[in-house]
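Enquirer: Next up is a structure, given as structure tokens.
The values are calculated or read from the model by the stated rules, or taken from the named source; none is laboratory data. Not measured: the values here are computed from a predicted model. When we count neighbours, we look across all protein chains shown, and the Cβ atoms used for this are built from the backbone with ideal geometry, even at glycine. Side chains are part of the model used for accessible areas, which takes the heavy atoms of the whole protein and leaves out ligands, DNA and RNA. Shrake-Rupley method; radii C 1.70, N 1.55, O 1.52, S 1.80 Å.
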Amino acid sequence: VKEIKFSTVVLRLSWSRNGDKLAFLTDQSDLSIFSSKSWDLFGKPLSLHSKPNAVRWSVDNGSVAVGTSDGRVVFYDPEADWNISGEMDESQSPVNDLDWSLGNDFFAVGRKNGSCTIHDASSIFNGFFIAEAELERDGAVLAVAFGAGDESFLAVGGMDWKVGIYNGKDGWALCQEISMDGLILTVGWSPDGRYLAMGGADQAKNHGVQVIDAISWEELNIVKNSSEDATERVQSLSWNGDGNSLAITGNSGVGRIVDVNNQAVACTLDRSASNLVTRSSTGT
């Protein structure tokens, strides 16, 4: 449909929740926003103060949050010429991932120091950034995701080789913990919140992605890596709208769209000449 070329590495990308805009972060500390209707750039790329690691649109598309390596989270207002509407700088630990809950009630920040802070989203919009909860993991937090069907669940994964499931209805207490044999680089809930997919560097079992039933918390299915190479990592995953397929990308440069029910590969997107797919995202 469209190929957008940059003169540098694209680190992260994120669709707006209604699918009309696409945000890119580059290793030159730029944020670029494109229209998915015309594929034109909205204004000039925004220069960021530090290397960006994460970008996420709010559910109402009223804010774009960018997390950087100096520990700050900056909020940009798309309705005000992308001016900064707020800035969170209470920690100097690099931000690795961000997420908004589906109801736009909560905002989570995962950091290199092993912390994940949870904030009231309405307070953020009013310029109040004190966390209502802070979760501590045994290693750097690399991925955070609120449950889709029930936003009271939050999945947190990272360098401790585990995904912790926290329940907001119980004061964000840890209610489940799921282990993998490697780093957790990406987590994602199915659209109805029934299933949780986890990807990373699970070298012992050559698992590309594990899919967990969020009712029994048992493993439902395994989506194998695209090759037998034990060093292959799943960098990113994204569910489609009906929850039957996953888009999976990683350091092999090969993207796949996989039926999670039978592991059949519906489509292969070969970007191996580019060596690495850092992030993918499905539009709504």
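Enquirer: With the other protein chains left in place, how much accessible area per residue, in square angstrom, belongs to region 28-144 at a 1.4 angstrom probe?
Expert: For region 28-144, the per-residue accessible area is 43 Å².
Enquirer: Between residue 40 and residue 5, what is 0.36 nm times their sequence separation minus the Cα-Cα distance? Round to one decimal in nm.
Expert: So the chain would gain 11.4 nm between residue 40 and residue 5.
Enquirer: Here is a follow-up. Subtract the Cα-Cα distance of residue 216 and residue 80 from 0.36 nm times their separation in residues, and report this length gain in nm to one decimal.
Expert: Using 0.36 nm per residue and subtracting the Cα-Cα distance, I get 44.4 nm.
Enquirer: What is the chain's relative contact order, in percent, from Cα pairs under 8 angstrom and six or more apart in sequence?
Expert: Contact order relative to length: 10 percent.
Enquirer: Considering only protein heavy atoms and a 1.4 Å probe, what is the carbon-and-sulfur percentage of the accessible area of region 19-60?
Expert: Accessible surface attributable to carbon and sulfur in region 19-60 totals 47 percent.
Enquirer: Between residue 130 and residue 244, what's the calculated FRET efficiency when r is the beta-carbon distance and R0 is 30 Å? Round to 0.05.
Expert: For residue 130 and residue 244, the calculated efficiency is 0.15.
Enquirer: Okay, moving on. For region 25-85, what is the largest minus smallest coordinate of the Cα atoms on each principal axis, given in angstrom and ordered from greatest to least?
Expert: 33, 24, 17
Enquirer: Same structure again: Once the mean 1/r over all distinct Cα pairs of region 1-132 is inverted, what Kirkwood radius in angstroms do you read off?
Expert: 14.9 Å
Enquirer: Over every pair of different alpha-carbon atoms in region 130-179, take the mean of 1/r and invert it; report that Kirkwood radius in Å.
Expert: Across region 130-179, the inverse of the average 1/r is 11.0 Å.
Enquirer: If each of residue 264 and residue 90 carries a label point 7 Å out from its Cα toward its Cβ, how far apart are those two points in nm?
Expert: Distance between the two pseudo-spin positions: 5.0 nm.
Enquirer: Any idea what the dipole of the chain comes to, in debye rounded to 20, about its Cα centre with Lys/Arg Cβ at +1 and Asp/Glu Cβ at -1?
Expert: About 840 debye.
Enquirer: In bins 5 Å wide, starting from 0, what share of all Cα pairs of region 107-190 does each bin hold, as a percent?
Expert: All Cα pairs, binned at 5 Å, distribute as 3, 16, 26, 26, 17, 8, 2, 1, 0 percent.
Enquirer: Now a separate question. For residue 105 and residue 174, calculate 0.36 nm times their separation in residues minus their Cα-Cα distance, and state this gained length in nm to one decimal.
Expert: 22.9 nm
Enquirer: To continue, here is another question. Using a Förster distance of 35 angstrom, determine the FRET efficiency expected from the C-beta separation of residue 49 and residue 122, and round it to 0.05.
Expert: Efficiency at R0 = 35 Å is approximately 0.85.
Enquirer: Are there any trypsin sites (Lys or Arg not before Pro) in region 3-48 that are in a DSSP loop and have at most 15 other Cβ atoms within 10 Å? List them by number.
Expert: Within region 3-48, the qualifying trypsin sites (Lys or Arg not before Pro) (loop, at most 15 other Cβ atoms within 10 Å) are 5, 37.
Enquirer: Using modelled amide H (1.01 Å from N, peptide plane; none on Pro or chain starts), what sits under 5 Å from the amide H of residue 135, excluding residues fewer than 5 places away?
Expert: Counting only residues 5 or more places away or on other chains, the set is 116, 117, 118.
Enquirer: Further, regarding this structure: Scan the chain and hand back the longest stretch that contains none of the GluC sites (Glu not before Pro) lying in DSSP loops with at most 14 other Cβ atoms within 10 Å.
Expert: 133-217
Enquirer: Which semi-axes, in whole Å and largest first, does the equivalent ellipsoid of the chain have when worked out from the alpha carbon gyration tensor as the square roots of 5 times its eigenvalues?
Expert: Values for the chain, descending: 27, 24, 17 Å.
Enquirer: In sequence order, what are the phi-derived ³J(HN,Hα) couplings for region 5-14 according to the Karplus relation 6.51 cos²θ - 1.76 cosθ + 1.60 with θ = phi - 60°, rounded to whole Hz, with x for glycine and proline?
Expert: These are the phi-based 3J(HN,Hα) values: 9, 10, 8, 8, 6, 8, 8, 9, 9, 8 Hz.
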